[in-house]
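Structure first, then comments.
The values are calculated or read from the model by the stated rules, or taken from the named source; none is laboratory data. Please read all numbers here as calculations on a predicted model, not as lab measurements. Backbone-built Cβ (ideal geometry, glycine too); neighbour counts: all protein chains shown. Heavy atoms of the whole protein, side chains included, go into the accessibility calculation; ligands, DNA and RNA do not. Shrake-Rupley method; radii C 1.70, N 1.55, O 1.52, S 1.80 Å.
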Amino acid sequence: MLKEIAKLHSGAVLITGDGKRIARIYLNAWGKAGRSILAEYLPFQVNGDVYIGAPFESDDFDVYLIVNPLSRPKPERVMLRRWLGEHKDKLILLYEHKYVKDSITRYKIREFIDYLIAYKRETVGFERVDVMRLESGKVVESRTYVRRY
């Protein structure tokens, strides 16, 4: 399912739990494919050309990186949901620092998300990545990946 996401042409992907490595891999893959990327700001380093700016003011890019969409004030979340509804033909990576998995049902943004990737680093020496495919805000497919380190 992780490879499916790397091959997406449109849709919204939410990465939670500070999964910098996963987000970086996706942005690098999409950048190598020749897509133009606009980010609010970069919480990690990305290879290739990434433009920094306000995503809500430009429609000229193929991929958008929006940071901490769930931690914003309510008026900004309403504006984000409206913007997501208008840009279903674009590829949007939503990167959230806090861990959200099952509690995504509390957020109205769930209706606009196609994939949820919940990254969690456990204290016993492994990382856990839960990947869920959503349709209309409901989980239709789920997978868990575990990596020991």
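When the stretch 1-40 is filtered for residues that are within 20 Å of LYS98 (Cβ to Cβ) and over 14 Å from the mean Cα position of the chain (by Cα), nothing remains. Contact map, the stretch 5-19: first residue on the phi > 0 side of the Ramachandran plot, second residue of a type in the set (Phe, Trp, Tyr) and not in a helix (DSSP H, G or I), Cβ cut-off under 9 Å, separation 6 or more or different chains; pairs are GLY11/TYR115; GLY17/TYR99; GLY17/TYR119; ASP18/TYR95; ASP18/TYR99; ASP18/TYR119.
Checked against the criterion of being out of contact with any His (no Cβ under 8 Å at 6 or more places or on another chain), free of Cβ contacts under 8 Å to residues at least 24 places away in the same chain, closer than 18 Å to LYS20 by Cβ and not basic (Lys, Arg), the stretch 78-90 has no qualifying residue.
Scanning the stretch 102-120 for residues that are closer than 18 Å to ASP62 by Cα and either without any contact (Cβ under 8 Å) to a residue 12 or more places away in the chain or open to solvent by 10 Å² or more (accessible area, probe 1.4 Å) (or both) returns PHE112, ASP114, TYR115.
Of everything listed in (1) closer than 20 Å to GLY19 by Cβ; (2) part of a loop (DSSP other than H, G, I, E, B), the single unmet condition for ASP59 is (1).
A single entry from LEU38, LEU14, LEU2 fulfils the requirement of being open to solvent by less than 30 Å² (accessible area, probe 1.4 Å), over 17 Å from ARG110 (Cα atoms) and in contact with a strand residue (DSSP E or B) (Cβ under 7 Å, 6 or more places away or on another chain): LEU38.
In this structure, TYR99 does not qualify as open to solvent by less than 80 Å² (accessible area, probe 1.4 Å), in contact with a Lys or Arg (Cβ under 8 Å, 6 or more places away or on another chain) and not small (Gly, Ala, Ser).
Rundown of residues vs (1) surrounded by 15 or more Cβ atoms within 10 Å (Cβ to Cβ); (2) of a type in the set (Lys, Arg); (3) within 21 Å of VAL46 (Cα to Cα), yes/no style:
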{"site": "ASP59", "(1), (2), (3)": "no, no, no"}
{"site": "VAL67", "(1), (2), (3)": "yes, no, yes"}
{"site": "PRO73", "(1), (2), (3)": "no, no, no"}
{"site": "LEU84", "(1), (2), (3)": "yes, no, no"}
{"site": "LEU91", "(1), (2), (3)": "yes, no, yes"}
{"site": "GLU122", "(1), (2), (3)": "no, no, no"}
{"site": "VAL131", "(1), (2), (3)": "yes, no, no"}
